[in-house]
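Novice: I have a structure I would like to understand better, so I am pasting it below and will then ask my questions one at a time.
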Amino acid sequence: MTVAAIGIMCKAPRPGAAKTRLAKVIGAVAASELSACFLRDVAAAIEAIPETVGRKGYAVYAPAGTEQMLRGLFPEKFGLLLKAGEDLGDALFGATRDLLLAGHDCVLLVNGDSPTLPSRFLVQAIEALRGEGDRLVLGPASDGGYYLIGLKSPHRQLFTQIEWGTDTVFSRTCERAAEICLATTLLPEWYDIDDVETLHWLRDELAGHSTRFRGGSPASATRTLLASALPASS
């Protein structure tokens, strides 16, 4: 049976090192707790994919030495893969290469800041990658980046000449793919939570008030934390 690798790109949610923009408003401890809930919920979205599809989840993490913390956040079946390289591009390429070398037929890498990421988007990405021919799958994010990148072959060019953390990441990645004539499949737009504005988007979505993002995963851990621990004004 073919098995797709789905890696969550993440940092251990330690106070002072997690969700630093949000931490300025809600505090370092609350931000780290929120980050931990995001990771639990993205992992749950992966686990919600029927096993018949063929998938295995991974935490692609940093820094070294935080394995015990991460083991407490992710399902027992998840693998742990330490991030390699100096920047995000190196980490993404290295994870893609290493997971393909491990025998997976394709690799999806998703961010750990989208707790309501729909499982159906992941299934769509896997189905696209299992079609004929080499290809790239991208999930465009509302901030100009991407929440998912999927590949069946490692292409270093996709991770070079990219200004990470800017609103040009998605467009530049599409340009890199066009330069190497790599077919690209686009998923629907989604969003990640990095600041107060996007936290409000999340609250609206979970309350059923969002007109832009609908049909997301339950995000049970995040929903519980927001209801019980974080003030509605955050």
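Novice: Does Ala62 satisfy being under 24 Å from Ala17 (Cβ atoms) and touching a Cys at 6+ places or on another chain (Cβ under 9 Å)?
Specialist: Judged against the criteria, Ala62 is a match.
Novice: On to the next question. Every residue in the range 137-177 that is of a type in the set (Ser, Thr, Tyr) and buried (at least 19 other Cβ atoms within 10 Å of the Cβ), please.
Specialist: At the first step, the residues of the range 137-177 found to be of a type in the set (Ser, Thr, Tyr) are 142, 146-147, 153, 160, 166, 168, 171, 173.
Residues satisfying the conditions are Tyr146, Tyr147, Thr173.
Novice: Can you go through Ser228, Ser220 and tell me which one is loosely packed, with under 14 Cβ neighbours inside 10 Å and touching a residue at least 40 places away in the same chain (Cβ under 8 Å)?
Specialist: Answer to the check: Ser220.
Novice: Can you work out which of the residues in the range 1-50 that are among the basic types (Lys, Arg) and part of a helix (DSSP H, G or I) is modelled with the highest pLDDT?
Specialist: Arg40
Novice: I want to confirm something. Restricting to the range 77-107 and keeping residues that are acidic (Asp, Glu) and within 23 Å of Gly139 (Cα to Cα), which single residue is surrounded by the fewest Cβ atoms within 10 Å (Cβ to Cβ)?
Specialist: Residue satisfying both the conditions and the ranking: Asp87.
Novice: Got at least one residue in the range 22-39 being under 30 Å from Arg135 (Cβ atoms), surrounded by fewer than 19 Cβ atoms within 10 Å (Cβ to Cβ), more than 14 Å from the chain's Cα centre (by Cα) and not charged (D, E, K, R)?
Specialist: no
Novice: Still on this structure: Looking for something touching a His at 6+ places or on another chain (Cβ under 9 Å), more than 19 Å from Gly215 (Cβ to Cβ) and in contact (Cβ under 8 Å) with a residue 24 or more places away in the chain - is there at least one such residue anywhere in the range 155-168?
Specialist: no
The values are calculated or read from the model by the stated rules, or taken from the named source; none is laboratory data. What you are looking at is a predicted structure, and each value in this text was computed from that prediction instead of being measured. Glycine also receives a Cβ, built like all others from the backbone with ideal geometry; neighbour counts cover every protein chain displayed.
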